[in-house]
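In what follows, a single structure is set out as structure tokens and then discussed.
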Amino acid sequence: MSDNRRQVLDMLAAGQITVEEADRLIAAIEDGPTPAAGTGLAERPATAPRYLRVIANVVDDDEGPIKINVRVPLQLLRAGVRLASLIPPQAQDEVNTALRQHGVGLDLSQIKPENLDELIDHLGDLTVDVDGEPNLKVRVFCE
Amino acid sequence: MIPLAAVIAVRPGWRSSNLRLWIPVPLFLVWLLALPFLVLALPIFFIACLASRMDPFRALWVLWQLLCALRKTHVSVEHREASILVHIF
């Protein structure tokens, strides 16, 4: 029995929460991540994401259904970031100045592949689902 | 490793046509055919990089990585009237 589950049951036994509230809490605990008790090990994703997927299903009244399926290797993103490192320093300064003049506080020299690696490693948890309308479904995720 | 093959599938937008073109592209042949031209263009590329104050060897390495990263790219768009699929192996 996990510590969180025991705490919920103790609160129920003490009358601090109702049965329904305890049930909801236990369901939330079981659905969420359960850290390994006593091991002290940090959770790590099973595998790093390798592809960025975009799946879109659109139903147009005039043109009918449109299906879009795109899979892009994340390695392509890393290679694209490395392209930015090819820009000569004096050109980078001019680009940064122009960006600042337009209100974009971006420094091209700070865009480095190692910074992107950390971002990509966490993309495994990214999922974007657009399902608001019956004729439009968009899903963006990493796999 | 650079991609060696690709597949392009196209279904034309002719309402009365069920024709589907399946075109395997042997990219390794494309690279072999382009290799002499790339070798001839290499000095020009080096001069352009040096004039732009870019490291030509690093530029070549980045372009090579960009090419290698194209593997396993998949794009498909299906429409009632036409569809296209591109898959790079």
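The values are calculated or read from the model by the stated rules, or taken from the named source; none is laboratory data. Because the structure is predicted, anything quoted here is derived from the model rather than measured. Here the Cβ is made from the backbone with ideal geometry for all residues, glycine too, and neighbour counts use every protein chain on show. Just so you know, the surface numbers come from the protein's heavy atoms only, side chains and all, with ligands and any DNA or RNA stripped out. Shrake-Rupley method; radii C 1.70, N 1.55, O 1.52, S 1.80 Å.
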Restricting the stretch A:52-70 to residues that are farther than 17 Å from A:VAL130 by Cα and open to solvent by 50 Å² or more (accessible area, probe 1.4 Å), which is nearest to the other protein chains (Cβ to nearest Cβ)?
A:GLU63
Selection from the stretch A:93-143 of residues closer than 21 Å to A:LEU74 by Cα and not in a helix (DSSP H, G or I) yields A:ILE111, A:LYS112, A:LEU126, A:THR127, A:VAL128, A:ASP129, A:VAL138, A:ARG139, A:VAL140, A:PHE141, A:CYS142, A:GLU143
So if I check each of A:GLN7, A:GLN90, which one is surrounded by fewer than 17 Cβ atoms within 10 Å (Cβ to Cβ), assigned to a helix (DSSP H, G or I), within 14 Å of another protein chain (Cβ to nearest Cβ) and at pLDDT below 80?
A:GLN90
The lone exception for A:LEU116 - which of (1) closer than 23 Å to A:ALA56 by Cα; (2) open to solvent by less than 80 Å² (accessible area, probe 1.4 Å) it fails:
(1)
